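What follows draws every value from the coordinates through simple rules; no lab data is involved. It should be emphasised that the depicted structure is a prediction, and the values quoted were computed from it without experimental measurement. When we count neighbours, we look across all protein chains shown, and the Cβ atoms used for this are built from the backbone with ideal geometry, even at glycine.
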Amino acid sequence: MTEQTAQTEFDATSPDSARGPRISVVGTGYLGATHAAAMAELGFDVIGVDVDPAKVEALSAGKVPFYEPGLPELLVRGVESGRLRFTTDLAEAAAFADVHFVCVGTPQRPGSNGADLRYVEAAFEGLAQHLTHDALLVGKSTVPVGTGARMAARVREIAPAGLRVELAWNPEFLREGKAVHDTLSPDRVVVGGASQWGDDLLRQVYARPLSTGTPFIATDLPTAELVKVSANAFLATKISFINAISQVCDKAGADVTVLSDALGHDVRIGRQFLNAGLGFGGGCLPKDIRALMHRAGELGADSLVALMQDVDEINMWQRQRVIDMAVQACGGSVLNRRIGVLGAAFKPDTDDVRDSPALNVAAGLHLRGAQVVVYDPEAGETSRRMFPTLTYGTSTEEAVTDADVVLVLTEWPVFRQADPTQLLALTRPGATVIDARNCLPADAWRQAGWTYRGLGAAR
Ligand code: UDX
């Protein structure tokens, strides 16, 4: 790889480049599939790459292999326009695109808190090896600080001589359930390690959001990598903070929801991510704070290790707290008691059950001998695959029928809006509802005759 070859360089000002740079997206999970479809929506020619032929086949047919509101429409538009296609062949993508986004997963390593970087390494190495013209390789995956520099050195070693090949990091902040919005209208674009050439290319890629005033933050590689993990660490800390406060509320007879509302009026604090409850889960926050803990430990940054350890422990304790509440509501043992579980996804608007606090609680009660019936409006199938031994219902009514205790573990609108009088008629007499997301209208449920329990909810 050399510094520059003017003839083969992508020329942003050339009339032949009317559609802008060609884009590849490597990895088509929540992040990559959404990014690829969004790039096509913005008018670029895009190729998505995945090692899983079933995923590629589904996406090529305009089918999203997971639940993400708004994404199916975007995908179909992209595929039908001819601007968006998918392949399992990395060499095809390397030959096609000018800007390559690496969106593969960085799961937790088995037996360690550290991130497993094998997919990131394979993506950069595979791309570099097959490049046929100048290219900007852009990491989007969440990685431990230092990964970008290591990948840049590796790419330099592997890429064919005579090409201009550069690497930058452009972390992604999208939330599942709001992935389309967050990708098309990000609240900031952070780019680390880009040269002027790379900077220009990425400004072109993000021209539409930038034209509406989205801030573009150009920085170095380690800062860009750390922005992402720090954002997740801060969000996780906020949730564990309010959960710790909710324990104080329980002991003192205070109401954590009113308290959060009052705190939220302080613009320095803000109301978001102050919902006390079962805590955070999913494919990102838990493994990202553990990877940060691990990396901070390697770097000797011990304060952060201690802080993240506490955040993680408070979060995991919330699951035990809800199990204990269910045991208590059953008079000391859940053995052979019927428990209706409403919600399995780690949050509403997704079918994702990775590290789902809801499923963790449901499985914990099942293992203690309870007869658990779980219902989730979207995550029934994904739950069944993860925990085949649990029983799954197909409606709220089915889950609560004959229940001694009902647990609301994911705050889907269908549960928040359920009629407590109708549901109580289906349960065993004297049923308790444990609102582990503090999302139900407590007074209405009490008035309907339920024994209502929230977390940090004044009695
Ligand atoms: C998160 C980050 O928000 C996103 O920026 C990053 O790119 C990926 O990780 P996501 O995993 O989709 O996104 O979920 P998010 O909406 O952040 O919720 C995370 C978890 O926190 C959920 O389990 C949710 O139920 C929980 N949560 C959230 C709370 O317990 N209380 C709150 O107040 C907010």
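Numbers for the structure displayed
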quantity: Distance in nm between pseudo-label sites at residue 303 and residue 273 (7 Å out along the Cβ direction from Cα); calculated: 1.8 nm
quantity: Rounded tilt (10° steps) of 285-299 against the dominant C-alpha axis of the chain; calculated: 60 degrees
quantity: Alpha-carbon Debye profile of segment 3-218, log10 I(q)/I(0) at 0.11, 0.17 Å⁻¹; calculated: -0.48, -1.24
quantity: Sorted largest first, extent of segment 225-308 alpha carbons per principal axis (Å); calculated: 42, 27, 24
quantity: Coordinate range along principal axes, alpha carbons of segment 309-407, Å, largest first; calculated: 38, 30, 20
quantity: Spacing of the two label points (7 Å from each Cα toward its C-beta) at residue 112 and residue 76, in nm; calculated: 4.4 nm
quantity: Alpha-carbon centroid distance for the pair segment 431-459 / segment 287-304, whole angstrom; calculated: 38 Å
quantity: Under-5 Å amide H pairs with residue 341, H placed in peptide plane, nonlocal only; calculated: 373, 374, 375, 407
quantity: Given 178/251; 63/238; 238/287; 251/287, the pairs whose alpha carbons are separated by over 25 Å; calculated: 178/251; 63/238; 251/287
quantity: Cβ-based net charge around residue 374, under 14 Å, with every Lys or Arg adding one and every Asp or Glu removing one; calculated: -3
quantity: Cut-off under 5 Å, modelled amide H: who pairs with residue 115 long-range; calculated: 109
quantity: Modelled FRET efficiency - R0 35 Å, residue 395 with residue 367, Cβ distances, 0.05 increments; calculated: 0.90
quantity: Separation of the residue 324 and residue 220 label points, Cα + 7 Å toward Cβ, nm; calculated: 4.6 nm
quantity: Debye intensity ratio I(q)/I(0), log10, segment 233-454, q values 0.11, 0.18 Å⁻¹ (C-alpha model); calculated: -0.54, -1.33
quantity: Principal-axis tilt of helix 147-158 within the chain, Cα atoms, nearest 10 degrees; calculated: 30 degrees
quantity: Rg/Rh ratio calculated on Cα atoms of the chain (Kirkwood radius); calculated: 1.02
quantity: Segment 233-268-segment 83-130 distance, computed between alpha-carbon centres (Å); calculated: 39 Å
quantity: The chain: calculated mean residue ellipticity at 222 nm from DSSP helix runs of at least 4, using -39500 (n - 2.57); calculated: -13500 deg cm²/dmol
quantity: Value of relative contact order over segment 142-235, rounded to a whole percent, pairs C-alpha under 8 Å and six or more apart; calculated: 38 percent
quantity: Length-normalised contact order of the chain in % [C-alpha pairs under 8 Å, at least 6 apart]; calculated: 12 percent
quantity: Calculated FRET efficiency for the pair residue 425/residue 195, C-beta based, R₀ 51 Å, to 0.05; calculated: 0.15
quantity: Folded to 0 to 90 degrees: helix 302-329 orientation relative to the chain principal axis, Cα; calculated: 40 degrees
